[in-house]
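Peer 1: Here you go, one structure.
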Amino acid sequence: MINEVELVWDAKAIAGENPNWQQEEQALYWLDMYKPCIHIFFPDEKRDEQLILNKRIGCMALRQKTPNSIIAGMIDGIYYIDLKTKILNFIDNPDYSHPNNRFNDGKCDPQGRFWAGTMSMEGDEGKQDVPSESSLYCVYPDLTIKKRIEKVRIANGLCWNINKKLMYFIDTPSKEVSVFDYDANTGNIANRRVCVHFPAGVGVPDGMTIDEEGMLWIAHFGGSRISRWNPESGQILKEYFFPVSNITSCAFGGKNLNELYVTTVRAGLNYRQVKKQPYAGGLFRLTTNVQGVPTYKFSG
């Protein structure tokens, strides 16, 4: 039913994150950052596969030209991962000068570049007042890496509008969504301004996606909801509530790209909170009446 929240996989993930819908497979790739593992969920079969890793992973994207391979931002840099063998091939760590940082959220832009941001591992303990020593990087298909934003605290949600003119970005502790002018040909961004301000008492913004109408869908960490916003007016349009407090990210999927898949977190909850939120760490789905944008792959 439209606007109905449903639990599709009771994963009890420590830290569910970074959903990537793959239309060809009709499958959702998503992460448990702390386990760490890559999940592959097949909704038609109600089946979830796990690929256990030996290194913490923050974000990923499948590759266009190389089947069964992803590019990933991990605890100590950017890697290729072979999904069959689980072999990791190190590419680079552009954030090497901050050894207490790790890669967090990221995704590909419409041109197939991989954007990945970092955060201090102090933030893994639930702190929001982490130092502004993180950055957002762009990995080009030839594996050139460019720093695009610096003095970030916790790099999170990213998305691009349908005409490839704007990029949106969340630095979680700011409780704001920033928008940039975006050059699809070069990957350059400019003219940063704020388009969404989160009010008090609703948690903080985490992951994000966009629909074909240009509206933002934002996960509320600590707010038990996903909200839909008009970035031009800065107005909230609707809220969708979940039976868990910590919502991390979302991505459109399904045959018609109208199903919003939502990841959640179990880490940090005490015994009483887990009793009240038994499905924390689960994978949820919200069927909407709008179509979202596809998940883009890395063109390298």
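Peer 1: Relative contact order for the chain: what is it in percent, counting Cα pairs under 8 Å that are at least 6 residues apart? It would help to have the intermediate numbers written out before the result.
Peer 2: Working: 865 pairs, mean separation 58.0, N = 300.
For the chain, the relative contact order is 19 percent.
Peer 1: How large is the charge dipole for the chain, taken about the Cα centre, if only the Cβ atoms of Lys, Arg (+1) and Asp, Glu (-1) carry charge, to the nearest 20 debye? Walk me through the numbers on the way to the answer.
Peer 2: Numbers: 34 positive and 35 negative charges, 60 e Å.
In total the dipole reaches around 280 debye.
Peer 1: Another question about this same structure. Would you list which lysines come within 28 Å of Lys276, measuring only between C-alpha atoms, while excluding same-chain residues fewer than 8 positions from it?
Peer 2: By straight Cα distance, Lys276 reaches Lys12, Lys35, Lys46, Lys127, Lys175, Lys238.
Peer 1: Helix-only mean residue ellipticity at 222 nm, the chain, DSSP H runs n ≥ 4 weighted -39,500 (n - 2.57), per residue, nearest 500. What is it?
Peer 2: Details: 1 runs with 6 residues, N = 300.
Taking each H run of at least 4 residues, the total per residue is -500 deg cm²/dmol.
Peer 1: Where the Cα atoms of the chain are projected onto their three principal axes, how long is each span, largest first, in whole Å?
Peer 2: Between the extreme Cα coordinates on each principal axis of the chain lie 46, 44, 38 Å.
Peer 1: Toward the positive end of the charge dipole of the chain, about the Cα centre and with charges on Cβ (Lys, Arg +1; Asp, Glu -1), which of Gly254, Ile226, Asn104 goes farthest?
Peer 2: Sorting the options by dipole projection puts first Asn104.
Peer 1: Related question: Using only Cα atoms, figure out Rg for segment 119-162 and give it as a multiple of 2.2 N^0.38 Å. Present the calculation step by step, with values, prior to reporting the outcome.
Peer 2: Working: Rg = 12.7 Å, N = 44, 2.2 N^0.38 = 9.3 Å.
Compactness ratio reported: 1.37.
Peer 1: Between beta-carbons, use under 11 Å as the cut-off and find the net charge around Glu6, counting Lys and Arg +1, Asp and Glu -1. Let's see the in-between values first.
Peer 2: Numbers: positive: Arg285; negative: Glu4, Glu259.
Cβ neighbours under 11 Å give a net charge of -1.
Peer 1: Kirkwood Rh, Cα Rg: Rg to Rh for segment 214-272?
Peer 2: The Rg/Rh ratio comes out at 1.04.
Peer 1: Which residues' amide hydrogens lie under 5 Å from the amide hydrogen of Val8, considering only partners 5 or more residues apart or on another chain, with H built in the peptide plane?
Peer 2: Leu283, Phe284, Arg285
Peer 1: Please identify the GluC sites (Glu not before Pro) of segment 214-276 that satisfy two criteria: DSSP loop assignment and at most 11 other Cβ atoms within 10 Å. Which are they? Mind showing how you got there, number by number?
Peer 2: Values: sites: Glu232, Glu239, Glu259; in loops: Glu232.
Filter output for segment 214-276: Glu232.
Peer 1: Rank Val290, Leu158, Gln235 by how far each Cα sits towards the positive end of the charge dipole of the chain (+1 on Lys, Arg Cβ; -1 on Asp, Glu Cβ) and give me just the farthest.
Peer 2: Positive-end residue among those listed: Leu158.
Peer 1: Can you tell which of Thr288, Thr118, Thr144 shows the greatest fluctuation in a Gaussian network model of the chain with Cα springs below 10 Å?
Peer 2: Residue with maximal mean-square fluctuation among Thr288, Thr118, Thr144: Thr144.
Peer 1: What is the distance, in nm, between label points placed 7 Å from the Cα along the Cα-to-Cβ direction at Asp82 and at Val5?
Peer 2: Inter-label distance under the simple model: 4.2 nm.
Peer 1: Just add up the charged neighbours of Asn188: K/R +1, D/E -1, any other residue whose Cβ is under 10 Å from the Cβ of Asn188.
Peer 2: Numbers: positive: Lys146, Arg148; negative: Asp181, Asp183.
Local net charge: 0.
Peer 1: Cα gyration tensor of segment 172-222, axes a ≥ b ≥ c as square roots of the eigenvalues: rounded (a/c below 1.5), prolate (a/b > b/c) or oblate?
Peer 2: Numbers: a/c = 2.54, a/b = 1.75, b/c = 1.45.
Prolate shape, in that a/c is at least 1.5 and a/b is the bigger ratio.
Peer 1: Taking 7 Å along the Cα-to-C-beta vector as the label spot, tell me the Arg47-Lys146 distance in nanometres, rounded to one decimal.
Peer 2: Each label point lies 7 Å from its Cα, and together they span 4.3 nm.
Peer 1: Going by the alpha-carbon gyration tensor, a ≥ b ≥ c the square roots of its eigenvalues, is segment 153-300 rounded (a/c under 1.5) or, if a/c is not under 1.5, prolate (a/b greater than b/c) versus oblate? Working shown, then result.
Peer 2: Details: a/c = 1.85, a/b = 1.49, b/c = 1.24.
Because a/c hits 1.5 or more and a/b exceeds b/c, segment 153-300 counts as prolate.
Peer 1: Filter the chymotrypsin sites (Phe, Trp or Tyr not before Pro) in segment 71-134 to those in DSSP coil with at most 11 other Cβ atoms within 10 Å of their Cβ, and list the result. Can you show the working numbers first?
Peer 2: Numbers: sites: Tyr79, Tyr80, Phe90, Tyr96, Phe103, Phe114, Trp115; in loops: Tyr96.
When the chymotrypsin sites (Phe, Trp or Tyr not before Pro) of segment 71-134 are filtered for loop state and at most 11 Cβ neighbours within 10 Å, Tyr96 remain.
Peer 1: With springs connecting C-alpha atoms under 10 Å apart, model the chain as a Gaussian network and identify which of Leu136, Leu283, Leu237 has the largest mean-square fluctuation.
Peer 2: Leu237
Values in this text are rule-based calculations from the coordinates and carry no lab data. None of the values given here were measured: they were computed from a predicted structure. Neighbour counts run over all protein chains shown; Cβ positions are idealised from the backbone, glycine included.
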